[in-house]
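The values are calculated or read from the model by the stated rules, or taken from the named source; none is laboratory data. Just so you know, these numbers come straight off a predicted model, no measurement behind them. Neighbour counts run over all protein chains shown; Cβ positions are idealised from the backbone, glycine included.
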Amino acid sequence: MELRRNRGARALALVCVLGGVLLLVYPTDGALLRTIIAVGAIALGAVALVSAMRPFRFGIHAEGLSIRRPGLRREIGWAEVDALVLDEPPRRDGHPEPPRLLLVPVPGVTIEPVTARHPLDGRPAVELLVLDQVREQPEQVSAALAQYAGSRFVDLLALRRAAFEAPELSVGLRGYQMDRVDRLIRRGQDALMSGDASARQAARGEIERATTAGLPIAQRGYSTFQTDTVLDALVTALADHQSTDRETAT
């Protein structure tokens, strides 16, 4: 499977350049400010355009990965791969970050640059791809990696959704601080996904303590009613799993 580069960045870069040129061609009052804005737009667009025009290849095949992008040009055989993880970084101010593909090489194999960590065990990892760079959907990339990489590949996006699918929370004035809520939900999802009873108990305790003490309020935040409902459901899911663990043990 050959992934295709997303052309959205190239289009945006062209818009910046053309917009800057138009500002220079049709001067009006406030010419100095317009010139500064125009030059800035052209420079920004030119940098983005150069980046978008660089060679790009990302192939997923039976033999391994074929990668050609800024910072990494290499054929990586499956024998060099210890783990591949499709993960989504924590949200920022309620906005989802694009999924990314991380690789942990087998001991003794060096693949640079090492700029990330395995989200579950903290091992040094290489960020191979941010999925907003390609046109394929995460599900398509995941299917190809599952087919060719086998047990080396873990789709944390799918596993988290299967463990506990949190709905999109409404954002409004005077709501719960979004980063804090997102961290608690991620904590609970990871605990459910881990299969570790002690991790689930610890996550449940952390969520209960946070809600009992009162989640911090922000000028713009998540709906308090929706958040309370979701966190209650998450605590229940964590407790249900612990009950199952006890029944299995007896």
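Using the structure shown, decide if Ala166 is assigned to a loop (DSSP other than H, G, I, E, B) and either surrounded by fewer than 17 Cβ atoms within 10 Å (Cβ to Cβ) or touching a helix residue (DSSP H, G or I) at 6+ places or on another chain (Cβ under 8 Å) (or both). For Ala166, the condition - assigned to a loop (DSSP other than H, G, I, E, B) and either surrounded by fewer than 17 Cβ atoms within 10 Å (Cβ to Cβ) or touching a helix residue (DSSP H, G or I) at 6+ places or on another chain (Cβ under 8 Å) (or both) - is met. Restricting Gly205, Gly188, Gly172 to those that are more than 30 Å from Trp78 (Cα to Cα), buried (at least 19 other Cβ atoms within 10 Å of the Cβ) and either among the small types (Gly, Ala, Ser) or touching a residue at least 40 places away in the same chain (Cβ under 8 Å) (or both) reduces the list to Gly188. Selection of the stretch 186-201 for residues being closer than 19 Å to Asp232 by Cβ and over 17 Å from the mean Cα position of the chain (by Cα) yields Gly188, Ala191, Leu192, Arg200, Gln201. Considering (1) outside the structural domain of Thr236 (by TED's automatic domain parsing); (2) under 14 Å from the mean Cα position of the chain (by Cα), the lone condition that Arg183 does not fulfil carries the number (1).
Those strands (runs of 3 or more DSSP E) of the stretch 56-133 in which at least 2 residues are more than 22 Å from Ile185 (Cα to Cα) and in contact (Cβ under 8 Å) with a residue 60 or more places away in the chain, considering only elements entirely within it, cover 57-60, 64-69, 81-87, 124-130.
So that you can scan it fast, the table gives a plain yes or no per residue for (1) more than 30 Å from Val81 (Cα to Cα); (2) of a type in the set (Ser, Thr, Tyr); (3) at pLDDT 70 or above:
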{"site": "Asn6", "(1), (2), (3)": "no, no, yes"}
{"site": "Ala13", "(1), (2), (3)": "yes, no, no"}
{"site": "Ala43", "(1), (2), (3)": "yes, no, yes"}
{"site": "Arg57", "(1), (2), (3)": "no, no, yes"}
{"site": "His61", "(1), (2), (3)": "no, no, yes"}
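The residues of the stretch 111-126 that are within 20 Å of Gly59 (Cβ to Cβ) and surrounded by fewer than 17 Cβ atoms within 10 Å (Cβ to Cβ) amount to a single one, Glu112.
A single entry from Ala199, Ala149, Ala218 fulfils the requirement of being touching a helix residue (DSSP H, G or I) at 6+ places or on another chain (Cβ under 9 Å), assigned to a helix (DSSP H, G or I) and over 30 Å from Ser66 (Cα atoms): Ala199.
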